[in-house]
Structure formats: structure tokens, C-alpha cells
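The values are calculated or read from the model by the stated rules, or taken from the named source; none is laboratory data. Treat the numbers as computed from the prediction; the structure is a model and nothing was measured. Reconstructed Cβ throughout: ideal geometry from the backbone, glycine too, with neighbour counts over all protein chains shown. To get the accessible areas, we keep the full protein, side chains included, count just its heavy atoms, and leave off ligands, DNA and RNA. Shrake-Rupley method; radii C 1.70, N 1.55, O 1.52, S 1.80 Å.
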Amino acid sequence: LMASRLEPWKGHGLLLEALARVREPGWVAWIAGGPQRPHEEKYFAELQQQAERLRLAERIRWLGQRSDVASLLGAADIFCQPNTTPEPFGMAFVEALAAGLPVVATRGGGVSEIVTAEAGLLTAPEPEAVAAALAELIGDPRRRQALAAGARARAAYFAPEVRIPALAEALREVVA
């Protein structure tokens, strides 16, 4: 599953290029997020053409704009968002971890601090690297399960009931 806005830097095109290299059988990619602005309509059409060109159209499910992303996360096996530029924070990654999904993402920005080796695989923003990480997890259910357990544990770090008191303490220290 990839669930994000339709912005080129989110890595939809990179994901498609990577998926074209994955030789593991049986996978299907769900891409949630639909065009909301004119430039996104154009980008979406380009992505669909790219999927056709790469002969992936039968394996990609374009889910459009969704209000049930939590349900999609619960039904998926892997969350992948291979940003081509650093993401400032990336709430989608925390949500995926909280759903117990191993994450495949590209290094850089907030994701490098959110996703640890116990919760997912961080790669270079290159199709071969993303494909290798996806193939590893698709082909190894035990590895996926181990990362899923690590994902839930990592997500707990970001829970509001943990972070808000920590922020309050940090602010008290600054004021003092």
C-alpha cells in the first residue's frame, strides 16, 4: 500500500519503476490518493501511462481519494512510500507503523528518524534499491512479521500520550 497525496516527490513514479523489477509472484500494489488539483490530474494520468508502459496495469489498484485509510492499512502487508526528496516528518509512516505494517521507504528527512531497522527498510531513492527491499519482504513472511512487531513498538514512541508529556517536560526545562 502507498497512501499519499499525488505529488511527484512522494515517489509514485519511483514505486512503479521499482515494482517493474520485483520478480516475486502474487503481489498487488494499492495506491490510495486521488487528484485534488489540476496539476495532480496531469500527474495521475502520467502515472497511469507509466504503469501501462511498464506492463504493471493489471497489478496496480488505483484506489483514489479515500476516507478509510486506516482500514486499508489494516488490510495491507507492506507500506511503501519511496519519496524522491526528504519528507519533513511523514505522519503516514507513523500511521503505517501503528497499523503494524513494515515500511519500505527512502532515506532522508523525517522518515530516517521515524522508521528504524526494527520496523522497516530504508533504501536509496533508486528503483533497484526499492525493488530489492520490496522483494525481500514479499518473499519472506517471517521477516515481514518481525518488522510488523517492531513497527507497532516503534509507533508507540510517537503516541500523543507519550510525546505530549515529553514535550511539556522539554518546555519546562527551557523555561527554567
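Taking (1) open to solvent by 10 Å² or more (accessible area, probe 1.4 Å); (2) in a helix (DSSP H, G or I) in turn, ARG23 satisfies each apart from (2). One residue is enough: does the stretch 153-167 have a residue meeting the conditions basic (Lys, Arg), closer than 21 Å to GLU87 by Cα and surrounded by 14 or more Cβ atoms within 10 Å (Cβ to Cβ)? Yes, because at least one residue in the stretch 153-167 is basic (Lys, Arg), closer than 21 Å to GLU87 by Cα and surrounded by 14 or more Cβ atoms within 10 Å (Cβ to Cβ).
Whenever a residue of the stretch 133-148 is β-branched (Val, Ile, Thr), its partners that are open to solvent by 40 Å² or more (accessible area, probe 1.4 Å), lying with C-beta atoms within less than 6 angstrom and at least six residues away or across chains, give the pairs ILE138/GLU24. Here the helices (runs of 4 or more DSSP H) wholly within the stretch 73-140 that include at least 3 residues being at pLDDT 95 or above and not β-branched (Val, Ile, Thr) are 91-98, 127-139.
The selection criterion, being part of a helix (DSSP H, G or I) and either small (Gly, Ala, Ser) or more than 28 Å from ALA119 (Cα to Cα) (or both), does not hold for GLU17. If you go through the stretch 84-101 and keep only what is of a type outside the set (Gly, Ala, Ser) and surrounded by fewer than 22 Cβ atoms within 10 Å (Cβ to Cβ), you end up with THR84, THR85, PRO86, PRO88, PHE89, MET91, VAL94, GLU95. Could you tell me how many of the residues in the stretch 26-38 are open to solvent by less than 70 Å² (accessible area, probe 1.4 Å) and part of a helix (DSSP H, G or I)? Number of matching residues: 0. Residue check: ALA119 meets all listed conditions (1) of a type in the set (Gly, Ala, Ser); (2) buried (at least 20 other Cβ atoms within 10 Å of the Cβ); (3) closer than 21 Å to ALA32 by Cα but one, namely (3). Quick check: is even one residue across the stretch 42-50 closer than 20 Å to ALA3 by Cβ, polar (S, T, N, Q) and open to solvent by 60 Å² or more (accessible area, probe 1.4 Å)? Among the residues of the stretch 42-50, at least one is closer than 20 Å to ALA3 by Cβ, polar (S, T, N, Q) and open to solvent by 60 Å² or more (accessible area, probe 1.4 Å), which makes the answer yes. For the stretch 41-72, the set of residues classified as hydrophobic (A, V, I, L, M, F, W, C) and outside any loop (DSSP other than H, G, I, E, B) consists of PHE44, ALA45, LEU47, ALA51, ALA57, ILE60, TRP62, LEU63, VAL69, ALA70, LEU72, listed by residue number. Does the stretch 58-74 contain at least one residue that is open to solvent by less than 50 Å² (accessible area, probe 1.4 Å) and under 17 Å from GLU17 (Cβ atoms)? Checked against the condition, which is being open to solvent by less than 50 Å² (accessible area, probe 1.4 Å) and under 17 Å from GLU17 (Cβ atoms), the stretch 58-74 yields at least one hit. The residues listed here are GLY34, GLY26; of these, the one that is at positive phi and not aliphatic (A, V, I, L, M) is GLY26.
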